[in-house]
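Working notes for the structure below.
Please treat every number below as a calculation from the coordinates, not as lab data. Just so it is clear, the structure is predicted and the values come from calculations on it, not from any experiment. A quick note on method: Cβ atoms are made from the backbone with ideal geometry, for glycine too, and the neighbour counts reach across all protein chains shown.
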Amino acid sequence: MKPIRIAQIGVNTHSHGPQIFNTLKKYPDCFEIAGYVLPDGERERLPEKMKHFDGYPELTLEEVLKDPSIEAVTVETDEIYLTKYAQMAAEAGKHIHMEKPGGADLAEFEKLIETVRKIGKVFHTGYMYRYNPTIQNLIQRVRAGELGEIISVEAQMSCYHLLWVRNWLKELPAGMMFFLGCHLVDLILQIQGMPERVIPLNRTTGYEGVESTDFGMAVFEYENGVSFAKTTDIERGGFMRRQLVVTGTKETVEIRPLEVGPEAGQHCEMRRVTDTAWSADGEFIPSETQGRYDGMMLAFADYVRGVKENPYTLDYELGLYKTILKTCGIEGRN
């Protein structure tokens, strides 16, 4: 098949912009990179990230949007600008891969979803855990009923950031819950569906004088149990303790850590427990090594080419976004 002609808009401060562009470069049979755009003073603000674009032309936003040969874009600006540029791309008739979770304005996100619905193009968001084979396998088994009735999901995704990064979180609604907690909300909704109620429990620790919301937590109430998402950026060793625990009436599954190793090749470990004995240790199943973003971007290529249908519908993406806002203490329209 002919490669998809694609351009990247933005590179962002702390998310996956450079890694996404590098992943596109890895697959020339899938992607023909037309170039990149650096809006909002990114070249001056993020000079250390310019090396990732070496050898590719810098374009203006207008050049990308008005070029009919550019079929798709990756929108990788800072979070607060994501919806703005995705909307421009949608109005220009492009397929869109957008960094998670979107801008901070619900009305703008709703407008984006409706625009994409009208043009019939692919809308794809940067939740890389969706494409982790171990997590995919777990979700498939949940949906097949192999774990029984799901009682709870416990999802944690923490790390340790320096003070200047933790202060940057002030730019985002509810800081860490919006920044990384969105990944966890996505997993919980895939496993359990929409909750009856969301209770945000986000806090500012004040550690080292920080004023941002650097401790994120939310509780999800379901008919038969309670689940939670927790994300902080002051947990020493937090990256290695990122985990997903699904408790069912037939089986408990723990994936911990969610990822280990360099981004070029990561793996995780799953523990399955079906025994009811107090000392049951279960079965440990290591995963194969996979790239963190490879499956995600190759799936995007399949969706654009029509080889596969995107299972994450526009309605799901909108429901997910609204739920993320609720975890941040922002109640939008239902």
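Considering only DSSP beta bridges with both partners in the chain, what is the antiparallel share in %, to the nearest 5? Can you show the working numbers first?
Values: 34 of 55 bridges.
Approximately 60 percent, going by the DSSP bridge assignments.
By how many nm would the segment from T205 to R241 grow when fully extended, if each residue of separation counts as 0.36 nm and the alpha-carbon distance is taken off?
Numbers: separation 36, 0.36 × 36 = 12.96 nm, distance 1.98 nm.
The T205-R241 span can extend by a further 11.0 nm.
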Backbone N within the range 278-314 under 12 Å of label point (7 Å from H267 Cα along the Cβ vector): 285-290
Partners for K100 among aspartates and glutamates (Cα-Cα distance below 17 Å; same-chain residues under 8 apart left out): E76, D78, E79, E108, E110, E171, D186, D294, D315, E317
Efficiency of FRET between A107 and V307 - r from beta-carbon atoms, R0 41 angstrom, step 0.05: 0.75
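Tell me, what is the FRET efficiency for L162 and I80 to the nearest 0.05, using R0 = 22 angstrom and their Cβ-Cβ distance as r?
Working: r = 21 Å, r/R0 = 0.95.
Using R0 = 22 Å, I get an efficiency of 0.55.
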Check: the chain dipole with +1 on Lys, Arg Cβ and -1 on Asp, Glu Cβ, in debye: 260 debye
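Dividing the alpha-carbon Rg of the range 1-83 by 2.2 N^0.38 Å yields what?
Against the compact-globule rule of thumb, the ratio is 1.02.
Where the convex hull is taken over the Cα atoms of the range 62-138, what is its projected area averaged over directions, in nm²?
Working: hull surface 23.4 nm².
Seen from a random direction, the Cα hull of the range 62-138 projects 5.9 nm² on average.
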Farthest toward positive dipole pole in the chain [+1 Lys/Arg, -1 Asp/Glu at C-beta], among G238, H52, T134: T134
Bins of 5 Å from zero: percent of alpha-carbon pairs in the range 133-286: 2, 9, 18, 19, 18, 15, 11, 5, 3, 0
Rg/Rh (Cα only; Kirkwood hydrodynamic radius) as it applies to the range 201-295: 1.04
C-alpha center-to-center spacing [the range 1-31, the range 93-149] in angstrom: 18 Å
Label-to-label distance, nm, for residues given as S279 and E221 (7 Å Cα→Cβ offset): 4.1 nm
Values of log10 I(q)/I(0), in the order q = 0.06 Å⁻¹, for the chain under a Debye, Cα-only, solvent-free model: -0.21
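When Rg is the radius of gyration of the Cα atoms in the range 250-333 and Rh is its Kirkwood radius, what does Rg/Rh come to?
Reported Rg/Rh, Kirkwood definition of Rh: 1.11.
Going by average Cβ neighbours within 10 Å, how do the peptides 94-106, 229-241 rank, with the highest at the top? Working shown, then result.
Numbers: 94-106: 23.9, 229-241: 19.2.
Descending mean neighbour count gives 94-106, 229-241.
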